[in-house]
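The values are calculated or read from the model by the stated rules, or taken from the named source; none is laboratory data. Keep in mind that what you see is a predicted model, and the values were worked out from it rather than measured. Counting neighbours? That spans all protein chains shown, and the Cβs are built from the backbone with ideal geometry, glycine included.
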């Protein structure tokens, strides 16, 4: 079953169960997917849907920081619940040893030897780790591996 189909089935289940918060979050996710499909005039595959989910999670993490600074515990709880629900659609996260192995593999495959070639390494890695690690953390690991 594709990720989009799974999201649709989860929406139907949330409707049947009367879970308003969950339903709202899933509908928001579907709207984000549909918006990207309309903007780009394509049907998104699972990897592209994962990138939409990643973006939504990142936005919510940034919101949590802002709401904590504003002492809005109610909104922090809401955003955190949405992060948890959206994270359920992501594949299993990579641990540090798997990530290091992939980075070494990417450096070897691209022949990168300096920070100037970080883009090559990132381009090689991104499709393989999409949704399985934080891209910001990945960037820091690549910098360390390239001696930056």
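Numbers below:
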read-out: Those residues of region 117-147 which are part of a loop (DSSP other than H, G, I, E, B) and loosely packed, with under 12 Cβ neighbours inside 10 Å, in sequence order; value: 147
read-out: Number of positions in region 105-116 that are assigned to a helix (DSSP H, G or I) and surrounded by fewer than 15 Cβ atoms within 10 Å (Cβ to Cβ); value: 5
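Residues are listed down the side, and each one gets a yes or a no for (1) farther than 22 Å from residue 11 by Cα; (2) touching a residue at least 40 places away in the same chain (Cβ under 8 Å); (3) in contact with a helix residue (DSSP H, G or I) (Cβ under 6 Å, 6 or more places away or on another chain); (4) not assigned by TED's automatic domain parsing to the domain that holds residue 132:
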residue	(1), (2), (3), (4)
25	no, yes, yes, yes
34	no, no, no, yes
40	yes, no, no, yes
46	no, yes, yes, yes
50	no, yes, no, yes
54	no, yes, no, yes
61	yes, no, no, yes
67	yes, no, yes, yes
73	yes, no, no, yes
